[in-house]
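Here the structure is laid out as structure tokens; the discussion comes afterwards.
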């Protein structure tokens, strides 16, 4: 069972660069990839995180829906494969 995971993080503006978001692949993969995207004030904070995560997922060739949620550092998105998904009640820790 493996989940393809992307973590996103907001990077504030500095004297030299504007604010941007960074996305990186985490978990089980033999590729280490990162993507950045300028922060767009035309989108909500959540939409900015989804945009950069989707950009990286497309670059990695991942298909499927992104499921995500916030953390204390940003957001985490997963792209579950069909073998790693289950309905609540199907899995028991016996």
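Bear in mind that the values in this text are calculations on the coordinates, not laboratory data. All of these numbers come straight from a predicted model, not from anything done at the bench.
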Could you tell me which of rounded, prolate or oblate describes region 3-84, using a ≥ b ≥ c as the square roots of the eigenvalues of the alpha-carbon gyration tensor, with rounded for a/c under 1.5 and, failing that, prolate when a/b is larger than b/c and oblate otherwise? prolate
Can you give me the relative contact order of region 3-84 as a percent, contacts being Cα pairs under 8 Å and 6 or more apart? 34
